[in-house]
Amino acid sequence: MGKRNYFLDLNDLQYKQVKHPFWKKLLHSLFWIAGTLAITVLYITIFQKYFGSPKEHVLNQQIDNIKLEYSIANRKLDISMKALTSLKQSDEIRYRPIMKMDSIPWSIRNPGFGGVDRFRSLDGYINSYLMRSTLERIEEMKNMANVQNESFVTIRDKSEEWKFEMDHLPAISPVDPSFRLGDRYGFREVHPVLGYGRMHYGQDFEVPNGTKVYATGNGRVVESGRNGGGFGNYVVIDHGYGLVSIYAHLSEIKVPKDINVRRGDLIGLSGSTGTSSGPHLHYQINKYGSPVNAINFFNNDITQEEFREMIQAFGSDSMLR
Ligand SMILES: [Zn+2]
């Protein structure tokens, strides 16, 4: 209900109701609506300018959260990158030189993105740079980690190869090192049995009858039995890599032909069979069929105790048995 206005009619001094024409009422209402609308629009405009709409507010919060997550992700990337760099340094400075392996070229370690822009779809947003740089870093790290992983696999393979070779090379004394060394590799003026000058191809050990004789490296027994040529009872082990070891003048043989032995396995007992003037062990190493100086294939500076420990660690047999 609109409010009624009255006015004083000076002609008859009576209050009379003001009668507005309809068009005037309509105009008045339209002005009122227009004014209200104008104020509302002004209000919304100011509010949005300074506070944003509720939807914008939520979106802004989400953007802030995402930014925070990106910055946490970047910090984690920093830590991972540091770890990866230190692995890379160990690889290049330590493992590869020890293994005599070439270093990995820079271009392989840092493969880049191969020319194809995989993150182009992220362009054109307010935070394009943040998203792109983070994803590119992740990609870069993934590539580096792959290269590093492959590198460690080859190092592991190489070291296993090395270990295999090291386990096979004759590398210890065939008897307790507290026994004295006898005749060395080289020309002997007078052979103790034959009585004339002759090349001596092995390293002798002065050991009493029945002294335990051990395999000096992993390998396969290729001869086991009596030798017609003067070695008496003997064992020959093929270690691979062109190397064989020969253990001669044994009183007893403990391993048959064609079995695999490991370093430290008991293979026989010393004696004086064959061309021998008294109990001793003749230990010989041939490389690609030719004798080489066996003294270069073991370290005799170790103590009896160390040797015992070594035999126990390596071999299936131990001195205690
Ligand atoms: Zn000899």
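Every number here is computed from the coordinates shown, using simple stated rules; none is lab data. Note that the coordinates shown come from a computational prediction; the quantities given were computed from them, not determined experimentally. Neighbour counts are summed over all protein chains in view; Cβ atoms, including those assigned to glycine, are modelled from backbone coordinates with ideal geometry.
Only residues of the stretch 201-241 count here: report those whose backbone N is under 20 Å from the spot 7 Å along Cα→Cβ of ASP258, or say none.
219-227, 234-240
With r as the distance between the Cβ atoms of THR40 and ALA73 and R0 = 35 Å, compute the FRET efficiency 1/(1 + (r/R0)^6) and round to 0.05.
In this case the efficiency is close to 0.20.
Which order do the peptides 19-25, 242-248 take when ranked by the mean count of other beta-carbon atoms within 10 Å per residue, highest first? Walk me through the numbers on the way to the answer.
Values: 19-25: 9.3, 242-248: 21.7.
Those peptides, ordered most packed to least, come out 242-248, 19-25.
Would you mind putting 156-162, 289-295 in packing order, based on average other-beta-carbon counts within 10 Å, highest first?
On the way: 156-162: 12.4, 289-295: 14.3.
Put in order of decreasing packing, that is 289-295, 156-162.
In degrees between 0 and 90, to the nearest 10, how far off the longest principal axis of the chain does helix 128-168 point, with axes built from Cα atoms?
That helix lies at roughly 10 degrees to the long axis.
Considering the Cα trace of the stretch 6-50, what is its radius of gyration and what is Dmax, both in angstroms?
Values for the stretch 6-50 (Cα only, Rg and Dmax): 18.9, 59 Å.
Are any of the pairs LYS3/LYS25; LYS158/LYS287; LYS82/LYS158 more than 18 Å apart by Cα-Cα distance, and if so, which? Walk me through the numbers before you get to the answer.
Values: LYS3/LYS25 11 Å; LYS158/LYS287 23 Å; LYS82/LYS158 26 Å.
Beyond 18 Å: LYS158/LYS287; LYS82/LYS158.
What is the calculated FRET efficiency for TYR196 to ASP167, with r their C-beta to C-beta distance and R₀ = 35 Å, to the nearest 0.05? Before the final figure, lay out the partial values.
Values: r = 41 Å, r/R0 = 1.16.
About 0.30, to the nearest 0.05.
Calculate the translational D of the stretch 1-88 in whole µm² s⁻¹ from Stokes-Einstein, where the hydrodynamic radius comes from the Kirkwood formula applied to all Cα pairs, the temperature is 4 °C and the viscosity 1.567 mPa s.
Details: Rh = 19.9 Å.
This corresponds to a translational diffusion coefficient of 65 µm²/s.
Using a Cα-Cα cut-off of under 18 Å, which aspartates and glutamates could be cross-linked to LYS100, ignoring same-chain neighbours fewer than 8 residues away?
Leaving aside aspartates and glutamates fewer than 8 places away in the same chain, those within reach of LYS100 are ASP91, GLU92, GLU150, ASP157, GLU160, GLU161, GLU165.
Which parts of the stretch 230-261 would a label at ASN209 reach, counting a residue when its backbone N lies under 19 Å from a point 7 Å out along Cα-to-Cβ?
Answer for this model: 231-234, 248-254.
Using Stokes-Einstein with the Kirkwood hydrodynamic radius over Cα pairs, what translational diffusion coefficient do you get for the stretch 54-168 at 25 °C and a viscosity of 0.890 mPa s, in µm²/s rounded to a whole number? Show your work: numbers first, answer last.
Details: Rh = 17.1 Å.
This corresponds to a translational diffusion coefficient of 143 µm²/s.
May I ask for the equivalent-ellipsoid semi-axes of the stretch 191-254, computed as the square root of five times each C-alpha gyration tensor eigenvalue and listed largest first in whole Å? Provide the component values of the computation, followed by the final result.
Details: eigenvalues 90, 46, 28 Å².
Over the Cα atoms of the stretch 191-254, the semi-axes work out to 21, 15, 12 Å.
Taking the number of other C-beta atoms within 10 Å as the exposure measure, put THR154, THR216, THR40 in order starting with the fewest. Working shown, then result.
Values: THR154 14, THR216 29, THR40 10.
Listing THR154, THR216, THR40 from fewest to most nearby Cβ atoms yields THR40, THR154, THR216.
Report the full-extension gain for the segment ASN300 to ILE63: residue separation times 0.36 nm, less the Cα-Cα distance, to one decimal in nm. Don't skip to the answer; put the middle values down first.
Numbers: separation 237, 0.36 × 237 = 85.32 nm, distance 7.34 nm.
Length gained between ASN300 and ILE63: 78.0 nm.
Using alpha carbon centroids, what distance separates the stretch 229-246 and the stretch 281-305, in Å?
12 Å
With equal scatterers on the alpha carbons only and no solvent term, can you work out the Debye log10 of I(q)/I(0) for the chain at 0.07, 0.10, 0.11 1/Å?
Rounded to two decimals, the profile gives -0.60, -0.78, -0.84.
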